[in-house]
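Here is the structure we will look at.
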Amino acid sequence: MPSRSMDWLKQAKRDLEEAEGSLNNEKYEWACFASQQSAEKAVIALYHSINKEIWSQSVSRMLSQLTEFNIDNNIIATAMELDRVYIGSRYPDYYSEGSPFEYYSIEDAKRCLNYAKEIFEFCNKNIRN
């Protein structure tokens with residue numbers, strides 16, 4: 001079966017573009033979620049490139065399990081930040097009151113976008129075709 005790593009990586013890049021667009025349109029919760037999605041898909045691309053399957057939405061756990069690579073703890077820490085926005089950025093019942101968009105700021109969106117870019121670049125650099 002051919003590797004689908006580049007398909008996953010291309011979608012990760014597209015999700016990064018969506019995160020940037022959401023940031024520019026002041027949809028900060030969506031910028032955070034799209035950033036998480038980009039990082040998740042970039043890591044899945046890396047898994048595919050080494051012929052490993054993974055089923056998870058936790059970017060930090062997926063990265064932690066990639067023992068084939070020397071992954072800096074700072075990247076794992078940024079992934080943990082992205083893991084935190086996976087549900088809270090979308091579902092009102094995550095919070096005791098209010099809608100998700102009321103809990104995310106431009107600073108949150110910029111931070112998540114930067115984390116996603118860092119993870120994307122790490123994966124892109126290490127993908128084996």
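The values are calculated or read from the model by the stated rules, or taken from the named source; none is laboratory data. In this text the structure is predicted, and so the values were computed from the model without any measurement. Positions of Cβ are backbone-derived with ideal geometry, glycine not excepted, and every protein chain shown enters the neighbour counts. Note: accessible area is taken over every heavy atom of the protein model, side chains too, but ligands, DNA and RNA are not part of it. Shrake-Rupley method; radii C 1.70, N 1.55, O 1.52, S 1.80 Å.
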Which is without any contact (Cβ under 8 Å) to a residue 12 or more places away in the chain, out of contact with any Lys or Arg (no Cβ under 7 Å at 6 or more places or on another chain), open to solvent by 30 Å² or more (accessible area, probe 1.4 Å) and more than 18 Å from Lys13 (Cα to Cα), of Arg90, Arg84? Arg84
I'm trying to understand the selection: among the residues of the range 82-108, which are outside any helix (DSSP H, G or I) and on the phi < 0 side of the Ramachandran plot? Ser89, Arg90, Tyr91, Tyr95, Ser96, Glu97, Ser99, Tyr104, Ser105
Per the filter on the range 24-57, residues surrounded by 15 or more Cβ atoms within 10 Å (Cβ to Cβ), more than 11 Å from Phe120 (Cα to Cα) and of a type in the set (Asp, Glu) are Glu29
Might you check whether a residue that is over 13 Å from the mean Cα position of the chain (by Cα), under 19 Å from Lys117 (Cβ atoms), among the charged types (D, E, K, R) and modelled with pLDDT of 95 or more occurs anywhere in the range 40-49? no
I'd like the residue in the range 68-81 that is among the polar types (S, T, N, Q) and not in a loop (DSSP other than H, G, I, E, B) and, out of all such residues, is least open to solvent (accessible area, probe 1.4 Å). Thr78
